[in-house]
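The values are calculated or read from the model by the stated rules, or taken from the named source; none is laboratory data. These numbers were taken from a predicted model, which means no experiment stands behind them. Positions of Cβ are generated from backbone atoms using ideal geometry, with glycine treated the same way; all protein chains shown enter the neighbour counts. Accessible surface is based on the protein model in full, side chains and every heavy atom, while ligands, DNA and RNA are left aside. Shrake-Rupley method; radii C 1.70, N 1.55, O 1.52, S 1.80 Å.
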Amino acid sequence: MKIFTVAFNYPAYNKEGVGPLYNEEGPVVLSRPDTTLVKGGKPCFIPDDMGAVSGEAHLVVRVCRLGKSIPERFAHRYYDAFTCGMAFAATDLLERLQRQGLPWDTATGFDGATAIGAWLPVEEGGVPQHNFRLDIDGVTMQEGDTGQMVRSIDSIIAHISRHCTLRTGDIIFTGAPAPPFRVRENQHVTGYLDDRKLLEFNIK
């Protein structure tokens, strides 16, 4: 299973127009190892030796068939479920590695760096417009609307499949609606799609 994370896919990110990942010509896609994934309400354990850790909300889709060089008009056939998710990054380490021009997989690829909620089936024709949000201890930290995406889910799938074969069970974090927020131990996370709670876990 492969995990893809899309960056700079909402206006609140793109308005900055700065940073080593910004790209006007196409979606910015990062990959993470499958060992980052936490599901089923299990706790996420943040590293205690990496400094500050941040989190961000995503709408997540699940790939349901093998595909390579998928035309955008057919991309809706290649995912069958969606949910809300949370992606973590070791912020201090990430910034240091970026400044040094070094690979920074460690900052985003540590165990527990992605979490997903319960899957909902995709209706025929693809994912409709949805609101999603992440709450920390009952306080909303990020909220987004899929209608605000800079690049659609179908566009993202078409782009990824040009460079990397998609397989059944791969998952795609389609972008955060705003820059990340700081997380800490002993916080309780809940994630919602259209006020339906799909994600719930503790940060340890």
> Any residue at all in region 145-161 that is more than 27 Å from PRO11 (Cβ to Cβ) and free of Cβ contacts under 8 Å to residues at least 24 places away in the same chain?
Replying inline: no
> Hey, any hits in region 93-107 for a residue that's open to solvent by 10 Å² or more (accessible area, probe 1.4 Å), touching a helix residue (DSSP H, G or I) at 6+ places or on another chain (Cβ under 7 Å) and in a strand (DSSP E or B)?
Replying inline: no
>> Just to check your reading of the model, which residue among ALA81, ALA87 is modelled with pLDDT of 90 or more, in contact with a Ser or Thr (Cβ under 9 Å, 6 or more places away or on another chain) and open to solvent by less than 20 Å² (accessible area, probe 1.4 Å)?
In response: ALA87
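Can you tell me which residues in region 37-52 are touching a residue at least 12 places away in the same chain (Cβ under 8 Å), open to solvent by 80 Å² or more (accessible area, probe 1.4 Å) and closer than 16 Å to ALA90 by Cβ?
Taking region 37-52 first, the residues touching a residue at least 12 places away in the same chain (Cβ under 8 Å) are 37-39, 41-47, 50-52.
Cutting the leftovers down to open to solvent by 80 Å² or more (accessible area, probe 1.4 Å) gives us 39, 42, 45.
Selection gives PHE45 alone.
Only one residue in VAL139, VAL122 is open to solvent by less than 40 Å² (accessible area, probe 1.4 Å) and more than 22 Å from SER31 (Cβ to Cβ). Which one? Break it down into steps so the answer makes sense when it comes.
On the way: VAL139 fails: open to solvent by less than 40 Å² (accessible area, probe 1.4 Å).
Going through VAL139, VAL122 in turn, just one is open to solvent by less than 40 Å² (accessible area, probe 1.4 Å) and more than 22 Å from SER31 (Cβ to Cβ): VAL122.
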> What number of residues within region 55-72 are open to solvent by 10 Å² or more (accessible area, probe 1.4 Å) and within 17 Å of GLU143 (Cβ to Cβ)?
Replying inline: 1
> When you scan region 127-137, how many residues do you find that are charged (D, E, K, R), part of a strand (DSSP E or B) and under 16 Å from ILE203 (Cα atoms)?
Replying inline: 1
